[in-house]
Amino acid sequence: MSEESRLRWQCRRGLRELDELLIRYLDSRYPVADDDEKAAFRAVLELPDPDLNGYLLHRQSPASESVAGVIKLILSLPNT
């Protein structure tokens with residue numbers, strides 16, 4: 001399985017809105033991201049769903065600055 005396929009699979013969280021946010025980032029931003037940002041996105045995908053939902057809904061803030069930066073980028077991407 002390629003890295004892109006594996007990441008795409010990890011983006012599928014079972015909540016349509018969350019899936020769309022993660023896939024949008026994967027398709028539009030991940031290919032041009034630097035290695036640190038890519039590592040932070042992979043860390044985001046490892047988060048438990050309740051934590052990830054809390055971050056994306058601004059109910060919680062990630063302790064990691066790199067994760068917080070990727071969350072901000074995910075939320076700033078325009079809807080397509």
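Read-outs throughout are calculated quantities, based only on the coordinates presented, and are distinct from any laboratory measurement. Treat the numbers as computed from the prediction; the structure is a model and nothing was measured. Methodologically, a virtual Cβ is constructed for each residue, glycine included, from the backbone with ideal geometry; neighbour enumeration extends over all protein chains shown.
General remarks:
- Summed over the range 45-80, the residues that are closer than 23 Å to S5 by Cβ and either exposed (fewer than 14 other Cβ atoms within 10 Å of the Cβ) or of a type in the set (G, A, S) (or both) give a count of 5.
- Helices (runs of 4 or more DSSP H) lying entirely in the chain (those with 3 or more residues that are among the aliphatic types (A, V, I, L, M)): 16-28, 35-46, 65-76
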